[in-house]
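None of the figures in this text is laboratory data; all of them are computed from the coordinates on show. The model shown is predicted, which means the values in this text are computed figures rather than measured ones. Please note: Cβ atoms are built from the backbone with ideal geometry, for glycine as well, and neighbour counts cover all protein chains shown.
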Amino acid sequence: MADCIFCKIVKGEIPSFKVYEDDTVFAFADINPISDGHTLIIPKKHAENIWEIPADDLAAIHRASKKVAAALKSSLNLDGVAVLQLNGRGVNQVVMHYHLHLIPHISGNPKFFMTDWELKPGNMDVIRKNAEKIASAIAA
Ligand code: AMP
Ligand code: ZN
């Protein structure tokens, strides 16, 4: 897609710090990192979000995430990796080209705010109804 910054990165029209690529995916350093080693994995073929991306590209991204996560683990002093992927402006997707964030948590650093939510039991009736609604939509 002509105006897409991540398509331009794939084509080499915008510089990036590449960590991995294969025929389907490209992985590079996030330039506004939440932590050391914050890496993005994207499909080479433009797709905006989880609803648009072909299943094979999604599978390739997740296969690549195994490689990148292993490299993060062996190269950084980390005690966890958050895998984050945003779809839609309502959850603050900023770049409208599908991307998977791999965000290492470096040992001893403060916890990430987005992984530190409070566990509060929900309303079981509401939970069951929502699960039924989703299951019916999948079956339809
Ligand atoms: P989001 O769409 O909210 O999941 O986040 C987009 C991410 O892309 C942010 O973490 C940005 O720092 C990152 N980003 C935007 N432009 C570039 C770029 N040119 N190179 C590397 N990372 C980028
Ligand atoms: Zn794109």
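In the range 72-138, which trypsin sites (Lys or Arg not before Pro) fall in coil by DSSP and have 11 or fewer other Cβ atoms within 10 Å? Show your work: numbers first, answer last.
On the way: sites: K73, R89, K111, R128, K129, K133; in loops: K111.
Those satisfying the criteria are K111.
Based on Cα contacts under 8 Å between residues 6+ apart, the chain shows a relative contact order of 23 percent.
Computed extension length for N123-N92: 8.5 nm, one decimal, from 0.36 nm per residue of separation with the Cα-Cα distance subtracted. By the helix-only formula, in which each DSSP H run with n ≥ 4 contributes -39500 (n - 2.57) and the sum is divided by residues, the chain has a 222 nm mean residue ellipticity of -10000 deg cm²/dmol. Only lysine pairs 8 or more places apart, or on different chains, with alpha-carbon atoms under 27 angstrom apart are counted in the chain, and they number 26. Structure remark: mean-square fluctuation, Gaussian network model of the chain, C-alpha springs under 10 Å; the largest value among A82, A55, A29 belongs to A55. For a paramagnetic label modelled on A2 (point 7 Å from Cα along Cα→Cβ), amide N atoms under 19 Å away belong, within the range 72-96, to 96.
Counting other Cβ atoms within 10 Å of each Cβ, which chymotrypsin sites (Phe, Trp or Tyr not before Pro) in the range 61-123 have at most 10 and sit in a DSSP loop? Walk me through the intermediate numbers first.
Working: sites: Y98, F112, F113, W117; in loops: Y98, F112, W117.
Here the chymotrypsin sites (Phe, Trp or Tyr not before Pro) that fit, given the DSSP loop and packing criteria, are W117.
Taking GluC sites (Glu not before Pro) across the range 1-103, the ones in a DSSP loop with at most 14 further Cβ atoms lying within 10 angstrom of their Cβ are E13, E52.
Once you order the gyration tensor axes a ≥ b ≥ c over the Cα atoms, which shape class does the range 5-139 get: rounded for a/c under 1.5, otherwise prolate or oblate by comparing a/b with b/c? Judged from the Cα gyration tensor, the range 5-139 comes out oblate (a/c at least 1.5, b/c at or above a/b). Mind checking which of G12, G80, G90 has the largest fluctuation in a GNM of the chain, springs on alpha carbons under 10 Å? Result: G90 has the largest fluctuation of those listed.
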